[in-house]
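The values are calculated or read from the model by the stated rules, or taken from the named source; none is laboratory data. All values derive from a computational prediction rather than experimental measurement. Heads up, the Cβs are rebuilt from the backbone with ideal geometry, glycines too, and the neighbour counts pull from every protein chain shown. All accessible areas refer to the heavy atoms of the entire protein, side chains included, with ligands and DNA or RNA removed. Shrake-Rupley method; radii C 1.70, N 1.55, O 1.52, S 1.80 Å.
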Amino acid sequence: MVPTAYAHRFAQLPPYIFVELDRMRAEAVARGEDIINLGIGDPDQPTPRPIVEALIEAAQNPAYHRYPSNAGLPAFRQAAAGYYARQHGVKLDPETEIATLIGSKDGIAHMPLAYADPGDVVLVPEPGYPVYRSSALFAGAEPYTMPLRRANGFLPDLDAIPDAIYARTKIMYLNYPNNPTAAFAPRSFFEAVVERAAKHGFIVVHDAAYLDVCFAGEPAISFLSVPGAREVGIEMCSLSKTFNMTGWRIGFVAGRSDLVAGLSSFKANIDSGVFNAIQAAGAVALNQFDRLVPQINLTYHDRVNALTAGMAALGWEDYQAPRGTFYVWLQTRGGLTSMEMTKALLQKASIVVVPGLAFGGEGEGFFRMAMTTSATRIAEACERIKEAGL
Ligand SMILES: Cc1ncc(COP(=O)(O)O)c(C=O)c1O
């Protein structure tokens, strides 16, 4: 059989660099090694009980067994509006300014397909979630890298983007609190973004997947809470990380009404929405935010404290302890590349991390640890790093 070639839009994606790492990890597991997995960005704790119970009840409602509406269940969108008003001081119309998504990835990935043409530029932060770049490429648009450097607080340098690029820009992706760097954006940065977007007429897509995963000090700022933001952009929100619901596939888009409607009507050609019972349970989650979320965030805070204590014992001080997300972004040691560092941690300490290169070339020289395992295991990981002489 002659293999059928991928479509050009798929074949142009960068090659998958993790094949060898995956093989090494599988071999270590097969050898029976006690692996500490700090690689995955997927909460290890179960979804809180009240949400699961709400789903069990909702699943028995025959009205929910039919196709969901394109924009989403009204009760879910109302709960999302209530959450925004309470947590972020942003008043949104649930009818026109909010629509349900199959996780925030759904909205992130479809925006360029709905709004960017060949020749248009999509501004992509790097290191970053790889979906920004691949969805720009799928749309035939031109991704333009905005490097996130430590010296600039892992914020893009807006002045470094040439006017000729701004002139062709259709979409700018941003993501704060940031995966993988755990950086937060100050209000002044969002204000500068709004000014540029208004001047050059591009759409700001703020990936807010970690907006409420905050555990030390001030909460993170919603982009939509900045004056003028609602005229230029939208926020992609997720229940995945906030409520330990990654498997449920539910999130929502919020912000400028024509963009919310445009994304929903594009998606109507591709999917048929989120099971209404999941949306009903999602509404319970959002309505009980104050009861459910602080406890989850406290767990991450304990884990980060375990890591910082372990790192201090190792003499690793050149990193920022996160105050949100559950990621720690670290420089490699001894001049190792991110892949070499990742392999060394796996081979010498049975620890899985993600090499910075996975988040694009600008991630080289770094690696990411996720606090998605217990504080005890995190402390043990630090011990192993010490013993391995890394
Ligand atoms: C930065 C970022 N954005 C978006 C997502 C997608 O999350 P979901 O589709 O589960 O809402 C992830 C998931 O890991 C992420 O790390």
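Helices in the chain, meaning DSSP H runs of at least 4 residues, each add -39500 (n - 2.57). Divided by all residues, the mean residue ellipticity at 222 nm is -12500 deg cm²/dmol.
Which net charge results for the neighbourhood of N175, defined as the other residues with beta-carbon distances under 15 angstrom from its beta-carbon, given Lys and Arg at +1 and Asp and Glu at -1? Intermediate results must be reported in sequence, preceding the final value.
Values: positive: K105, R133, K241, R368; negative: E126, D207, D212, E235, E362.
Taking every Cβ under 15 Å from that of N175, the sum is -1.
Surface exposure of the chain, expressed per residue as accessible area with a 1.4 Å probe, stands at 43 Å².
Based on C-alpha pairs under 8 angstrom that are at least 6 apart in sequence, region 49-289 has a relative contact order of 31 percent. Close amide-amide hydrogen proximity is noted between Y176 and D207, each under 5 Å apart and 5 or more residues distant or on a separate chain (H modeled in the peptide plane; Pro and chain starts excluded).
When only alpha carbons are used to place a centre, region 352-378 and region 25-58 end up 17 Å from one another.
For the chain, how big is the tail of P(r) above 36 Å, as a whole percent of Cα pairs? Please report the intermediate quantities before stating the final value.
Numbers: 18714 of 75855 pairs.
Across the chain, Cα pairs with separations above 36 Å total 25 percent.
Checking every one of the chymotrypsin sites (Phe, Trp or Tyr not before Pro) in region 246-335 against DSSP loop status and a limit of 12 other Cβ atoms within 10 Å picks out no site at all.
Once you reduce region 305-336 and region 132-153 to the center of their Cα atoms, the two points are 26 Å from each other.
Beta bridges from DSSP with both residues in the chain: antiparallel share about 45 percent, rounded to the nearest 5. Here each label is just a point 7 Å from Cα along the line to Cβ, and for A164 and T376 those points are 6.0 nm apart. A 1.4 Å probe over all protein chains sorts I40, I51 by accessible area into I40, I51, starting with the largest.
Short-range pairs are left out: with C-alpha atoms under 8 Å and at least six residues apart, the relative contact order of region 329-390 is 35 percent. Counting other Cβ atoms within 10 Å of each Cβ, which trypsin sites (Lys or Arg not before Pro) in region 1-105 have at most 12 and sit in a DSSP loop? Taking region 1-105 and a limit of 12 other Cβ atoms within 10 Å, the loop trypsin sites (Lys or Arg not before Pro) found are R31, R66, K91.
Note that region 18-29 has calculated 3J(HN,Hα) couplings of 9, 4, 5, 4, 4, 5, 4, 5, 4, 5, 5, 5 Hz, one per residue in order, obtained from phi through the Karplus relation 6.51 cos²θ - 1.76 cosθ + 1.60 (θ = phi - 60°); glycine and proline are x. Excluding same-chain pairs closer than 8 in sequence, count the lysine pairs in the chain whose Cα atoms lie under 30 Å apart. Lysine pairs, 8 or more places apart or on different chains, close enough: 18.
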